[in-house]
Structure formats: C-alpha cells, structure tokens
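Everything on this sheet refers to the single structure shown next.
The values are calculated or read from the model by the stated rules, or taken from the named source; none is laboratory data. If you're wondering where the values come from, they're calculated on a predicted model, not measured in any experiment. Cβ coordinates were reconstructed from backbone atoms using ideal geometry, including for glycine residues, and neighbour counts include every protein chain displayed. All accessible areas refer to the heavy atoms of the entire protein, side chains included, with ligands and DNA or RNA removed. Shrake-Rupley method; radii C 1.70, N 1.55, O 1.52, S 1.80 Å.
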Amino acid sequence: MPSSYLSSSHKNPSRKSCEQTIKRILTREFEEYGENHHFKQASDFMIYFESLHPASPGLTKQVQRAINALNLPRDENGYFMINKTVEEYKAEQELSHLLQSSSLMNLQNCTPILIKTESWKRQHVIHQIKSAPELQNLFVTITETDCGILLYTKTPEKLIDFFSEFIKVKVENNTD
C-alpha cells in the first residue's frame, strides 16, 4: 500500500470549500476595514485552515489551488481584492491612468441651454459654435443629445442673446 494512504486518516477540505472559506475571510476583512491588508498569498490563509484541519502538504496545495481558481485581482500593494473582478480592476486601472491629468468640474453653478435641432446638422452646428471666437467664453461645455445640442453656461443671458441675434432661435421656458 502506498505511503500516501497511510499518512493520515483525515480528509482535506475540497478546493470549492477552500474557495468559499477564502471568500468569507476576505469579505469579512472588506466589511470590517474597507480593504484587505492581511492577505497577499495562500500562506496567509494557512493559520485559519490549520486551526480547522491538521497541517499537511495536501492542505497547503488545496489552499493554493483555491487561490488560483478564484483568480482574485490584487491591489497596487499585492493584497487580494474580493470586491472586484479582475476585469473590473483592470478597467478601473485603465480609467485611472487615462484620467491622471484630468480634472473634475462641478456644473452646479451652470445653466443648461438646449438648442433643439435636427440630427443631421448637430455635428456641424457644434463645430461652428466651437469655432466661433465670440462664443468661446460663453459656454463651459457642449454636447450632442437625442433632441439637439446641450450647452452649459455661466452666462445664460449672454448665450441666449447671442443665439437670438445670430440665428432664429425660439426661446422656450420649459418647466416640466
């Protein structure tokens, strides 16, 4: 009889069982501290598993297999993350990299102005507005919408006056 049959009478937990336990540990860590600062590798979980099962190379391998099967992302310090998938973490990192030199602007102090126009001419109108030097300081941002062109401005009166003189714009006060 091979020695592996005689080495122990205990049975190691299944890989699935180890996965569930690791998820519970990391979820608890995340709930308590908001992030993981204790678990970087399979050996960090061994204290817990060895408190429930006799230490053995088989137990260590099973925990390592469970960690590999979970395919957990790691944060910038190498700690496992339970609250995101690998894909979510990669997308978040890419977005972070792309936005490094960007800034946020609160548009709460701006007034939205909608120019209702046909879809076929929206892009051209936006180009003309962006190209007009006299309009450069009258709007904060401009974008195409389903029903026209949306501008955010800190000077709504000046913008409406400009468009009222420049083109035939029907000014609607929609309070819906």
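Here are the numbers for the structure shown:
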{"item": "Inter-residue pairs, beta-carbon under 6 Å, first farther than 16 Å from Cys110 by Cα and in segment 148-166, second open to solvent by 40 Å² or more (accessible area, probe 1.4 Å), 6+ apart", "result": "Gly148/Leu114; Gly148/Lys116; Phe163/Val169"}
{"item": "Whichever residue in segment 102-147 is of a type in the set (Ser, Thr, Tyr) and free of Cβ contacts under 8 Å to residues at least 24 places away in the same chain and, among such residues, is nearest to Phe162 (Cα to Cα)", "result": "Ser131"}
{"item": "Residue within segment 57-76 that is open to solvent by less than 30 Å² (accessible area, probe 1.4 Å), in contact (Cβ under 8 Å) with a residue 24 or more places away in the chain, in a helix (DSSP H, G or I) and of a type in the set (Val, Ile, Thr) present", "result": "yes"}
{"item": "Where Leu52 falls short, out of the listed (1) open to solvent by 50 Å² or more (accessible area, probe 1.4 Å); (2) at pLDDT 95 or above", "result": "(2)"}
